[in-house]
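Written below as structure tokens is the structure these notes are about.
The values are calculated or read from the model by the stated rules, or taken from the named source; none is laboratory data. Values in this document were obtained by computation on a predicted structure and should not be read as measured data. In this analysis, Cβ positions are derived from the backbone assuming ideal geometry, glycine residues included, and neighbour counts consider all displayed protein chains. Protein only, heavy atoms only, side chains kept; ligands, DNA and RNA dropped before computing areas. Shrake-Rupley method; radii C 1.70, N 1.55, O 1.52, S 1.80 Å.
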Amino acid sequence: MANLDKDDLSQMNRSYFQSLSQDKLVEVADNLHQLATELWEKQQQNSENSSQPPSKDNPYDSQTTTEQSEEIEESESSCGQTDSEKVEQSRVKEKKKKSKRKRGKQPGGKGFGRSQPLKAEVIIPHYPDLCAACNQDLRENNAQRYMGYYVLELEPQLFGFKIVTQLHHYYQTTCSCGHCTHAKPGTGLVSVVEGRSKDLQLTEYVLVGSFLATFIASLSVRYRMSRSKIREFLKDWTNTELSIGTIDRCIRETGIACVPVVEELVEQLQEADILHLDETHWYESGKLHWLWVAVSTKTAVFHIGSRRKEELSHLVTEAFLGWLISDGYAVYRSHPKRQRCLAHLIRKARRFADPAGSL
Ligand SMILES: [Zn+2]
């Protein structure tokens, strides 16, 4: 299927359409129809029928004012909390009020510059296969290079690994219909996080290749290394200099790339005979969220969200027919086969038996 973008569309006009044969015109019209359908469906999306956050909704469609939203959030988040949790939350809020400093590099701060120019060890060409307008095979046509960029990539060796510098060259080809098609770096999922200034999209047009990015994410998540320690490690052991911002982006990109894996794990959860569920409070940038976990004998999936019942659908769907074992939180009670968690019951029994806590 053609993937028409701004550049492709800018080449199309009335005289281009008039120059096409009947068959080519049908192909081009079909591609444009697919694009129009995709755009229309995207326009209809909002936070109620997709994974978009409420901030992406049209503000003029909203029935709730900001103050009302805050009140709702306030009352929901304080529901079920102990006094110590409330004190902790107000302490975090107070701290947030005092500091207006954003995380990461500050405006006007010293930037990161590469001390050594990159030198390509391998050149990887990318050619367009099909005409974006009429779908004709372009592999036999002459192509011209129009852009290139460097990628640092990790290459596994028989023992150990090395980091190589790749130079990716992208080519453009003109079809017999007159349309010029450009090969372009691939793109993937977009991560939309409320409050973040820029959405993060997976793309091949980056300095760090997917294998090296995964390695960096592994150093962070599996081996618990800080961003600055990872930077030091890569410089000392691989002679590769990366900024803290680039390392941070690699970790986040790998997280987005794992979304299909999480979906697969959630599907596995639904097949379990017994599922254990629990939730606890979780702060991110001083804001209170809830960390949910669903555990079967083979799979564990964590989910961060609000404490509302709807969050449960990210972990347990209608397909789950087994036993749900949880504490007494009301949102679990609608499941027909539910058992109270024994550890919670024992803790409760001890409290009744010995309210002073001497047991
Ligand atoms: Zn063409």
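Given the structure, is Gln172 closer than 30 Å to Ser19 by Cβ and either within 15 Å of the ligand (Cβ to nearest atom) or not assigned by TED's automatic domain parsing to the domain that holds Glu284 (or both)? Taking the combined requirement at face value, the residue satisfies it. Among the residues in segment 107-128, are any closer than 13 Å to Tyr171 by Cβ, at pLDDT 90 or above and outside any strand (DSSP E or B)? Within segment 107-128 (the criterion being closer than 13 Å to Tyr171 by Cβ, at pLDDT 90 or above and outside any strand (DSSP E or B)), the answer is yes, since at least one residue qualifies. Would you be able to say whether some residue in segment 139-156 is within 16 Å of the ligand (Cβ to nearest atom) and basic (Lys, Arg)? Scanning segment 139-156, I find at least one residue that is within 16 Å of the ligand (Cβ to nearest atom) and basic (Lys, Arg), so the answer is yes.
The number of residues in segment 1-45 that are open to solvent by 70 Å² or more (accessible area, probe 1.4 Å), within 19 Å of Gln172 (Cα to Cα) and either in contact with a Cys (Cβ under 7 Å, 6 or more places away or on another chain) or in a helix (DSSP H, G or I) (or both) comes to 3.
Kindly indicate the residue of segment 209-267 that is among the polar types (S, T, N, Q) and part of a helix (DSSP H, G or I) and also most open to solvent (accessible area, probe 1.4 Å) among those meeting that condition. The extreme case among them is Ser210. Scanning segment 312-347 for residues that are touching a strand residue (DSSP E or B) at 6+ places or on another chain (Cβ under 9 Å), open to solvent by 30 Å² or more (accessible area, probe 1.4 Å) and part of a helix (DSSP H, G or I) returns His314, Leu342, His344. Can you work out which of the residues in segment 120-149 that are under 16 Å from Glu204 (Cα atoms) and in contact (Cβ under 8 Å) with a residue 40 or more places away in the chain is most open to solvent (accessible area, probe 1.4 Å)? Within segment 120-149, the match that is most open to solvent (accessible area, probe 1.4 Å) is Tyr127. Within segment 169-205, the set of residues being over 29 Å from Glu27 (Cβ atoms) and surrounded by 18 or more Cβ atoms within 10 Å (Cβ to Cβ) comprises just one member, Leu202. Within the set Thr240, Thr181, Thr203, the sole residue that is within 16 Å of the ligand (Cβ to nearest atom) and in contact with a strand residue (DSSP E or B) (Cβ under 7 Å, 6 or more places away or on another chain) turns out to be Thr181. Within segment 279-294, being open to solvent by less than 50 Å² (accessible area, probe 1.4 Å) and assigned to a strand (DSSP E or B) holds for Glu279, Leu288, His289, Trp290, Leu291, Trp292, Val293, Ala294. What do you reckon, is Lys96 modelled with pLDDT under 90, surrounded by 10 or more Cβ atoms within 10 Å (Cβ to Cβ), more than 16 Å from the ligand (Cβ to nearest atom) and not in a loop (DSSP other than H, G, I, E, B)? Considered against the rule, which asks whether it is modelled with pLDDT under 90, surrounded by 10 or more Cβ atoms within 10 Å (Cβ to Cβ), more than 16 Å from the ligand (Cβ to nearest atom) and not in a loop (DSSP other than H, G, I, E, B), Lys96 comes out as yes.
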